[in-house]
1. Just to verify a result, which residue in segment 110-121, among those that are within 18 Å of the chain's Cα centre (by Cα) and not acidic (Asp, Glu), is surrounded by the fewest Cβ atoms within 10 Å (Cβ to Cβ)?
2. Residues to consider are ARG94, ARG42, ARG90, ARG17; find the one that is over 19 Å from the mean Cα position of the chain (by Cα) and in a loop (DSSP other than H, G, I, E, B).
3. Which of the residues belonging to segment 59-79 are in contact with a Leu (Cβ under 8 Å, 6 or more places away or on another chain) and touching a residue at least 40 places away in the same chain (Cβ under 8 Å)?
4. Quick one: in segment 187-213, of everything that is more than 15 Å from the chain's Cα centre (by Cα) and in a loop (DSSP other than H, G, I, E, B), which residue is modelled with the lowest pLDDT?
5. With the condition being modelled with pLDDT of 90 or more and surrounded by 14 or more Cβ atoms within 10 Å (Cβ to Cβ), I'd like the helices (runs of 4 or more DSSP H) fully within segment 231-281 carrying at least 1 qualifying residues.
6. I need the full set of residues from segment 118-136 which are under 15 Å from GLY205 (Cα atoms) and touching a Ser or Thr at 6+ places or on another chain (Cβ under 9 Å), in order please.
7. Do any residues in segment 118-129 that are within 13 Å of ILE145 (Cβ to Cβ) have Cβ atoms under 8 Å from those of residues that are among the hydroxyl-bearing types (Ser, Thr, Tyr) and at pLDDT below 95, where the two are at least six apart or on different chains, and which pairs are they?
Amino acid sequence: MLPPLSQLATAAGWVVRHLGATRLKITGGEPLLRRGLVEFVRELSRHPGVEEVSMTTNGTRLEALAQGLANAGLSRVNVSLDTLDPIRFRELTRGGALETVLAGIGAAKEAGLEPVKLNAVLRRSSFERDVPDLLAFAAENDVEIRFIELMRTGPAAAFAEREFVSSREVRERLGLVGALERAASAGGPARRLRVRFRGVESRTGWIEPVSHSFCTGCRRLRLDARGCLRRCLMDPEPFPLLERLNGGEDGGLEEDVDRFLRRKRSPLSFETPRSMAAIGG
């Protein structure tokens, strides 16, 4: 059983106080399915020192919750959107409705959860159709689109092996080479580029864990849904932070966490037997 969100908020507060985190992002699984999420955002945003609370979501419940989340202190959202083809969208999401997600994106913009960013996973079998549509949509709606290379994780590893395509190949095949103009970077794993495609300019980010590792500049930590600290998505060794806090073991906790973090190493490859939903990817 997962711990209550109130306990995760307490653990996040410890990370803010003792490790100096200033920007918090809620990821999934799908965070909008958790009861009490709005109050969770409110608790996170109240921790002294927190400058921003953001969220990654599939957008299916975003239309109904966007304003409440903004009122609670959420700053912005990333919405997963791999295709604008309603049939392919339904196949990829196992029955999801594209119009629901598009309405959620609109609601997020209305609520001021900006900049809204779209996350699109690149697939060899469909990028030539999907990427142009997404670039046009991003330009028309003044949002940033981020293209993400497939990682070989969990039960989807064989699928990822078949469907992997590098972001460089995508840009070359679509004729984006030479039309790239480097945009100002705000940190994070994405290489941000301004592209002009078919006469339309879009702000883009390219997250390339397989072909262009960003590990050397990574300063991120993850607190998973069970309250364990993880140094990396690929890290097989979590630290039981919430368990230690609930057990009243304050003595030596900072030192133990410090030793844990000092052993952070770049992964040999972006492959793991665990699913992304299980570790917050």
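The values are calculated or read from the model by the stated rules, or taken from the named source; none is laboratory data. What you see is a predicted model; the values in this text were computed from it and never measured. Reconstructed Cβ throughout: ideal geometry from the backbone, glycine too, with neighbour counts over all protein chains shown.
1. So, considering only residues that are within 18 Å of the chain's Cα centre (by Cα) and not acidic (Asp, Glu), the one surrounded by the fewest Cβ atoms within 10 Å (Cβ to Cβ) is PRO115.
2. The match here is ARG94.
3. GLY59, THR60, ARG61, LEU62, ALA66, LEU69, ALA70, ARG76, VAL77, ASN78, VAL79
4. Taking the candidates together, the pick is SER213.
5. Once the helices (runs of 4 or more DSSP H) in segment 231-281 are filtered for at least 1 residues that are modelled with pLDDT of 90 or more and surrounded by 14 or more Cβ atoms within 10 Å (Cβ to Cβ), what remains is 241-246, 253-262.
6. Scanning segment 118-136 gives LEU118, ASN119, ALA120, VAL121, LEU122, LEU134, LEU135, ALA136.
7. LEU122/SER167
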